[in-house]
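Q: Sharing a structure here in structure tokens format.
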Amino acid sequence: MNEQDKNGFDRREFLKGTSAIAGATAIGTLAPLGLAHAQGTKLKVGLMLPYTGTFAPLGIAITNGIKLAVAERGGKLGGREIEYFVVDDESNPAKAPENANKLVQRDKVDVVIGTVHTGVAMGMAKVLRESGTLWINPNAGADEVTGALCAPNIFRTSFSNWQNTYALGKVVKDKGHKTAVFITWKYGAGEQMNASFKESFEKQGGKVVKELFLPFPQVEFQALLTEIANIKPDCVAAFFSGGGAVKFLKDYQAAGLKGKIPLYGPGFLTDGVLEEVGDAAEGIETTLHYADSLGTKKDDAFRLAYVKAYKLQPDVFAVQGYDAGQLLAAGMEAVKGDVSKKAAMIKAMESAKIDSPRGAFTLSKAHNPVQDIYLRKVVGKQNKVQGVAWKQLADPATGCKA
Ligand code: PHB
């Protein structure tokens, strides 16, 4: 027998509930008590995100997005208020298992939402696969998380590292570029985005003539920019994000490369940075599962609410956090706040259609969004949508046995 009995009543929760009520026998009389218990306590949500370092703005935007989704539901999910347990993971993979364990073992959270950095997500995966704690990943693209390491309790509301650069490879080739240099940080996300760009660009007949890396989160780009100037490729594709992206865009312009060698990237390069980079990003085209000017009813309402709440423009990271909140809400509503009904909660989450500002999306079998990848262009302070670069792109989920 599975965890739920025929009445949809959770057996373990039932036993917990009955131990204090000797003599009570009918399920019918106990169900409301169980419900009252579930709804009376706060849902413990662990936030494991970077709040310091180059990705700090991303962690903040994600947190804002989550809280907006909760606020839109009157501060409750499935009838329960939320208690947040917050860990600054500093985008430090070495500390990831310990940080995840703080939330799981010490705080005993019901669900973990995190993180941004692929290396940190790999550390989290080990802990959360073992504990079985529900995990919603609102950014980190680690292909493995919805690939070889996929699991029923692991969900992602963002992207796989493979997705956006796979679309980019085709876009760049279609523009007539034959050679490209890829430049990024030497860690999981950079390596995987580089690999999928190369896979796609070369499948179309292009050639990645050089792959340039520097250690995360370093921003000493000068020597590498000189190398690019010497190579003279048709174009450059770059993955940087947060503070590192701001510095790269400015340095690319200062090195005299802007306007000479066209620069592309997955949209992380230009999202959330336009207020800071002046005209260094103007005209840059990128691919991403979100854009600033989609003009849909849902996106307009989201953007208005976000600006009102935080006096900041939202970006893709805010959207991913918001959708993590929405996905959790879908699970919580299905079990009326009783998270001990884990199988039912997971079922509701994996079959949810998320009404995202990016456009509605569903999850693949491996729990990664199947989504449109937009082509955008920086115009002033906006990543303006130019069209859809790839419709309903699903990650191949290599190695996922779920
Ligand atoms: C990642 O490490 O997976 C990552 C970080 C920042 C981004 C995108 C991906 O903007």
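Quick note: the coordinates plus some simple rules give every number you see, no bench work behind them. Because the structure is a prediction, the values reported are computed rather than measured. Note that we place each Cβ from the backbone using ideal geometry, even for glycine, and neighbour counts take in every protein chain shown.
Q: Cα-Cα pairs above 24 Å in segment 217-321: how many percent?
A: 29
Q: Starting with the highest mean, order 64-72, 134-142, 91-99 by the number of other Cβ atoms within 10 Å, averaged over the residues of each peptide.
A: 134-142, 64-72, 91-99
Q: To continue, here is another question. Evaluate 2.2 N^0.38 Å with N set to the residue count of segment 97-154, then give the Cα radius of gyration divided by it.
A: 0.98
Q: Here is a follow-up. So if the hydrodynamic radius of segment 144-270 is defined as the Kirkwood radius over C-alpha pairs, what does Stokes-Einstein give as its diffusion coefficient at 20 °C and 1.002 mPa s, in µm² per second?
A: In µm²/s, the coefficient is 143.
Q: Going out from 0 in 5 Å bins, what whole percent of all Cα-Cα distances in segment 46-139 drops into each bin?
A: Taking all Cα pairs of segment 46-139, the binned fractions are 3, 15, 27, 25, 18, 10, 3, 0 percent.
Q: Now, a different point. Go through 143-149, 392-398 and give me the packing order, highest mean Cβ count within 10 Å leading.
A: Those peptides, ordered most packed to least, come out 143-149, 392-398.
Q: Another question about this same structure. In Å, what is the Rg of the alpha-carbon atoms in the chain, and how long is Dmax?
A: Cα radius of gyration and Dmax of the chain are 22.2, 84 Å respectively.
Q: Would you compute, from DSSP H runs of 4+ residues alone, the mean residue ellipticity of the chain at 222 nm, taking -39500 (n - 2.57) per run and dividing by the full residue count, rounded to the nearest 500?
A: The per-residue figure over the chain is -12000 deg cm²/dmol.
Q: Now a separate question. As a test, work out the antiparallel percent of DSSP beta bridges whose residues both lie in the chain, rounded to the nearest 5.
A: 35
Q: Run through all the Cα pairs of segment 245-290 and give the fraction in each 10 Å bin from 0, expressed as whole percent.
A: Going from the shortest bin to the longest, the percentages are 29, 60, 11.
Q: For segment 280-330 and segment 214-262, what is the separation of their C-alpha centers, rounded to whole Å?
A: 26
Q: Right, here's the next one. Let me know the charge dipole size of segment 177-253 about its Cα centre in debye, to the nearest 20, where only the beta-carbon of Lys, Arg (+1) and Asp, Glu (-1) is charged.
A: The dipole of segment 177-253 has a size of about 140 debye.
Q: Charges at C-beta only: +1 for Lys and Arg, -1 for Asp and Glu. How large is the resulting dipole of the chain about its Cα centre, in Debye rounded to 20?
A: Here the chain has a charge dipole of around 540 debye.
Q: For Ala389, what residues show an amide H to amide H distance below 5 Å, using hydrogens built from the backbone and excluding near sequence neighbours?
A: Residues meeting the criterion, in which the H sits 1.01 Å from N, are Ile373, Tyr374, Leu375.
Q: Let me ask another. Stokes-Einstein at 10 °C, 1.306 mPa s, Kirkwood radius from Cα pairs: D for segment 286-402 in µm² s⁻¹?
A: Translational D for this selection: 102 µm²/s.
Q: Kindly rank 353-363, 155-165, 324-334 from highest to lowest mean number of other beta carbons found within 10 Å of each residue.
A: 155-165, 324-334, 353-363
Q: Within the set Lys175/Lys377; Lys42/Lys126; Lys173/Lys381; Lys42/Lys311, which residue pairs have Cα atoms separated by over 25 Å?
A: Lys42/Lys126; Lys173/Lys381; Lys42/Lys311
Q: Which of the listed residues, Phe248, Val273, Phe213, is farthest toward the dipole's positive end in segment 195-279, when Lys, Arg count +1 and Asp, Glu count -1 at the beta-carbon?
A: Result: Phe213.
Q: Any cysteines in the chain with zero other Cys Cβ atoms under 4.7 Å from their Cβ? List them, or say none.
A: Cys235
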